[in-house]
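Read the structure below first, then the notes.
The values are calculated or read from the model by the stated rules, or taken from the named source; none is laboratory data. Since this is a predicted model, take the numbers as computed values, not measurements. Cβ atoms come from the backbone with ideal geometry, glycine included; neighbour counts cover every protein chain shown.
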Amino acid sequence: DSGVTQTPKHLITATGQRVTLRCSPRSGDLSVYWYQQSLDQGLQFLIQYYNGEERAKGNILERFSAQQFPDLHSELNLSSLELGDSALYFCASSVGGQRGQETQYFGPGTRLLVL
Amino acid sequence: AQSVTQLDSQVPVFEEAPVELRCNYSSSVSVYLFWYVQYPNQGLQLLLKYLSGSTLVESINGFEAEFNKSQTSFHLRKPSVHISDTAEYFCAVIDASGGSYIPTFGRGTSLIVHP
């Protein structure tokens with residue numbers, strides 16, 4: 001158990017809908033990262049937040065957005081969903097102080113299926 | 001943009017045999033290198049990482065990887081594998097010279113250990 005929790009574990013929805021994925025980092029970690037894992041694209045970094053502020057942005061679509069709240073949990077919002085958004089979405093956390101060098105602890109993921 | 005190539009999508013091997021999982025990345029002046037392991041239905045776990053210093057890094061469960069700057073490689077090795085090593089292995093690179101510290105992952109290598 002990494003200490004990172006993600007809810008829900010599974011999500012089935014229809015095209016055009018909007019969903020919210022939630023992540024609680026390990027106690028004390030200030031950085032949260034979001035990743036998408038799909039058969040087509042592999043594992044892709046989406047976005048990182050550090051203590052409530054966006055710190056790095058990867059290949060995140062404009063239809064996707066994220067935020068980190070004062071209690072440090074994070075939410076990833078996916079809107080106007082398409083079939084191709086079906087994937088496993090991982091959240092990871094790290095202490096946050098040393099950019100790029102820190103060990104990231106991954107949650108178990110949310111499996112999204114868009115029908 | 002950084003790219004990571006894991007040449008073998010699948011590596012079958014017998015228990016107690018040695019194994020090497022290959023990883024090459026596109027050239028950069030300064031990189032951080034990582035190997036992650038993913039067991040079925042779980043998130044990624046950090047296996048080992050190279051940040052600086054000794055080019056040979058080891059994990060607690062017998063894996064090691066060597067950073068080779070001239071060949072831009074970071075191959076993962078284990079002298080004797082166990083059934084429990086069966087998993088997906090991902091190589092990741094962070095370009096530390098660009099300032100963004102965004103990780104790029106390879107497509108993964110499935111290690112299958114046969115009894």
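Every residue, every condition in (1) closer than 23 Å to residue A:60 by Cα; (2) charged (D, E, K, R); (3) surrounded by 13 or more Cβ atoms within 10 Å (Cβ to Cβ), yes or no:
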{"residue": "B:4", "(1), (2), (3)": "yes, no, yes"}
{"residue": "B:11", "(1), (2), (3)": "no, no, yes"}
{"residue": "B:25", "(1), (2), (3)": "yes, no, yes"}
{"residue": "B:48", "(1), (2), (3)": "no, no, yes"}
{"residue": "B:53", "(1), (2), (3)": "no, no, no"}
{"residue": "B:56", "(1), (2), (3)": "no, no, no"}
{"residue": "B:72", "(1), (2), (3)": "no, no, yes"}
{"residue": "B:84", "(1), (2), (3)": "no, no, no"}
{"residue": "B:103", "(1), (2), (3)": "yes, no, yes"}
Residue pairs meeting the criteria (Cβ under 9 Å; at least 6 apart or on separate chains; first free of Cβ contacts under 8 Å to residues at least 40 places away in the same chain, in the stretch B:50-63; second of a type in the set (S, T, N, Q) and assigned to a strand (DSSP E or B)): B:55/B:68
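Quick grid of which residues meet (1) in contact with a His (Cβ under 9 Å, 6 or more places away or on another chain); (2) at pLDDT below 95; (3) under 18 Å from residue A:6 (Cβ atoms):
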{"site": "A:26", "(1), (2), (3)": "no, no, yes"}
{"site": "A:42", "(1), (2), (3)": "no, yes, no"}
{"site": "A:78", "(1), (2), (3)": "no, no, yes"}
{"site": "A:82", "(1), (2), (3)": "no, no, no"}
{"site": "A:86", "(1), (2), (3)": "no, no, yes"}
{"site": "A:92", "(1), (2), (3)": "no, no, yes"}
{"site": "A:95", "(1), (2), (3)": "no, yes, no"}
Hits in the stretch B:13-23 - residues which are buried (at least 20 other Cβ atoms within 10 Å of the Cβ) and farther than 20 Å from residue B:96 by Cα: B:19, B:21
Filter pass, residue A:60 being in contact with an Asp or Glu (Cβ under 9 Å, 6 or more places away or on another chain) and among the β-branched types (Val, Ile, Thr): no
